[in-house]
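The values are calculated or read from the model by the stated rules, or taken from the named source; none is laboratory data. All values derive from a computational prediction rather than experimental measurement. Every residue, glycine as well, gets a Cβ built from its backbone with ideal geometry; the counts of neighbours run over all protein chains shown.
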Amino acid sequence: MQDLIFIDTDIQQETLAQLGRLQNLTTGCISPIGSYYIYQDGKNTDVFYSAYLLIRLTPSRHYGIGDTLIEGLIRCLENVVIEDLDMITIAHVFHAAAVAKISPLWENARDYLMARMNNRDGGIFWLQEKSTPSPYYFLSNRYTTADVVITANAMLGFLRGYEALDLDFIAQMAFWCSGIQDATGGWTSTVDTIVVVEALTIFGKIVYVENINVEVTVTSGDNVVAHITATNVNRLVLQRVLLPGPGTFSVSVAGVGNPQIQFMADFYRKVSSDGNLISLTVTSEAESCTDGVAPVITVTVCAT
C-alpha cells in the first residue's frame, strides 16, 4: 500500500502494540473487542479473528513487533481442532495456513473442505451450516455473505497453498464467484466483495495473457448478430450487445486470450419451477492435436 498512499508508520506501530496487548500470551489467540462483522460464538470468534489477523499481518513481517504477534497467532491456529469449528472459521484457517505456511493445518482444513464441497452447474462453492439458497434470488443474491466469504477464502487457500495449482479446479470457484456477481458489480455486501475481488485478482494474474487478441462472434441461425474484438487496447472495457429476442444464439471464440462472456436476461416475475428462463449447452472439440497438446480448441455455446 505504501506505493499507492501515504501510511503513517507511527500509527502502524501503535495498532500492532494494541493488538499485542489483546493477545493471550498462553494460547496466542486474540479476541476481538465488540462484535466482529459476522456473529459467532466465543470458541469460533477467537480463532476466526486470529486467522484473519494472521492473513493480513504475515505479508508484513518487517514491522518488528509484528513478528511476535504472528508467532503467537500461528501457535493459536496450530492447536485448533478443525472439526470443532464452523465453516466460515475453517475457511479462514485454511487461508491463513496457506499464507503462513502451516502445512499440517492446511492439509487438515483442505480435507475437511473437500469433503463438504458443492459442485453445481459447473461451479464449486461452499455453504455455511444450515444455509439454504434463497428461492427469491431474482430480487437479491441467492447466497448469503457467509457463503461467498467461505468460498472466496477457500479459493485463496488453494491459490496460496502447498499443492501445485490445479487451475481447472480453481477456475470452477472463480466461475461460481463471477456468476453470482450482482448488477452493480459487487456481491451481497462490502465484506464479501473485498475478499472475492482479492481471490479473482490473484487468479486473474495467474491466467493473464500478455498479448490478447480474441474475436467473439454471436450468431442466430445463419445470421451474425454480434461481433466483438478484444485486444490489449480494450481488454478492460466492458462490451455489451443487445441481442434480438427471443431466439437461439451460438457463440464462437477464436484467438489468444481468456474472455469472459455472459448472457443476461431481465424479467419482472418469478419463473415457474417447471420452466427455464435460459437453456444452455456447451460443446468443445480439439481441431488439432500434437503430442497430446491441442493448440486449437473450438468451444460452442448455445443459449436459448
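Worth a mention:
- Qualifying residue in the range 187-208 (condition: touching a strand residue (DSSP E or B) at 6+ places or on another chain (Cβ under 9 Å) and exposed (fewer than 15 other Cβ atoms within 10 Å of the Cβ)): no
- Checklist (1) surrounded by fewer than 21 Cβ atoms within 10 Å (Cβ to Cβ); (2) under 23 Å from the mean Cα position of the chain (by Cα); (3) more than 20 Å from E107 (Cα to Cα) applied to Y162, failing item: (3)
Conditions (1) assigned to a strand (DSSP E or B); (2) under 18 Å from T300 (Cα atoms); (3) within 24 Å of the chain's Cα centre (by Cα); (4) aromatic (F, W, Y), marked per residue:
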| residue | (1), (2), (3), (4) |
| --- | --- |
| V209 | no, no, yes, no |
| T219 | yes, yes, no, no |
| L236 | no, no, yes, no |
| G245 | no, no, no, no |
| V251 | yes, yes, no, no |
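- Of T184, T193, T188, T151, all but one fail to be among the polar types (S, T, N, Q) and within 8 Å of the chain's Cα centre (by Cα); the exception is T151.
- Of the candidates G34, G72, G28, the single residue that is part of a loop (DSSP other than H, G, I, E, B) and modelled with pLDDT of 90 or more is G28.
- Any hit, the range 94-101, residues being without any contact (Cβ under 8 Å) to a residue 40 or more places away in the chain, assigned to a helix (DSSP H, G or I) and aliphatic (A, V, I, L, M): no
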